[in-house]
Amino acid sequence: MQPALWLLLAAQLAALHGSSVLHQAPGSILVQTNQRVIMSCEAKTSPTSTRIYWLRQRQAPSPDSHHEFLAFWDSVKGIVYGQKVEQEKLTVFPDAKRSILNLTRVKPADSGVYFCMTIGTPELTFGKGTQLSVVDVLPTTAQPTKKPTPKKKVCRPPNPVTQKGPSCGPLTLGLLVAGVLLLLVSLGVAIHLHCLQRRARLRLLKQCYK
């Protein structure tokens with residue numbers, strides 16, 4: 001049986017629970033079409049010679065979902081690819097205890113959950129998976145609605161009541177009294193002059209009739 005076909009059959013029989021032995025990063029990636037994507041998988045306790053395989057699950061993870069074998073790194077052969085894998089856009093290379101998966105010019109068809117895996121005796125160990133979402137247009141982040149800043153109320157002192165009519169101060173009252181006195185004096189003088197004129201007329205009439 002071919003190694004790639006055996007891996008696919010083994011993956012279908014394995015329980016898909018993330019292991020702490022394989023540290024896979026990042027957990028999720030949202031990227032635009034034709035961009036580059038890098039994922040890493042580190043074997044925490046396995047020896048450096050342990051092969052790390054990369055698989056893709058196009059549907060949501062479930063016991064019945066299909067795993068597609070992508071590639072693994074072999075120290076002698078180099079990159080070993082699965083069937084129908086676009087080799088010009090997918091590369092795998094080792095880095096100490098890590099395996100790096102590099103995808104270029106990604107398309108929406110590349111979306112799915114990418115798993116790294118190691119083969120033990122007899123169990124299979126999976127990483128927790130990386131959710132890759134490739135979209136033509138990135139969603140815009142809605143800006144939070146700004147609440148209007150309430151205006152501060154300015155406390156102003158109450159306006160003084162405007163008094164209607166003339167003021168009744170001491171100066172005004174004194175001027176009013178002086179005006180009344182002047183009017184009385186003028187009236188007395190006028191009466192006195194009128195009396196004098198009347199007496200003069202009476203004397204003149206008496207002299208004319210003598």
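Bear in mind these aren't lab numbers, they're just calculated from the coordinates by the rules spelled out. Keep in mind it's a predicted model, so treat the numbers as computed, not measured. Neighbour counts run over all protein chains shown; Cβ positions are idealised from the backbone, glycine included.
Let a ≥ b ≥ c be the square roots of the eigenvalues of the Cα gyration tensor of the range 19-135; is it rounded (a/c under 1.5), or, if not, prolate (a/b larger than b/c) or oblate? Cα axes put the range 19-135 in the prolate bin. Once the Cβ-Cβ distance between Gln59 and Lys97 is put in as r, and R0 is 35 Å, what FRET efficiency do you end up with, to the nearest 0.05? Plugging the Cβ-Cβ distance into 1/(1 + (r/R0)^6) gives 0.70. For the pair Leu184 and Ser133, label points projected 7 Å from Cα toward Cβ lie 10.3 nm apart. Between Lys77 and His194, the modelled label-to-label distance comes to 14.6 nm, taking each label 7 Å out from Cα in the direction of the beta carbon. Of the peptides 75-87, 108-120, 173-185, the ranking by mean beta-carbon count within 10 Å, highest at the top, reads 108-120, 75-87, 173-185.
The length gained by stretching the chain between Gln35 and Arg203 to full extension, at 0.36 nm per residue less their Cα-Cα distance, is 46.9 nm.
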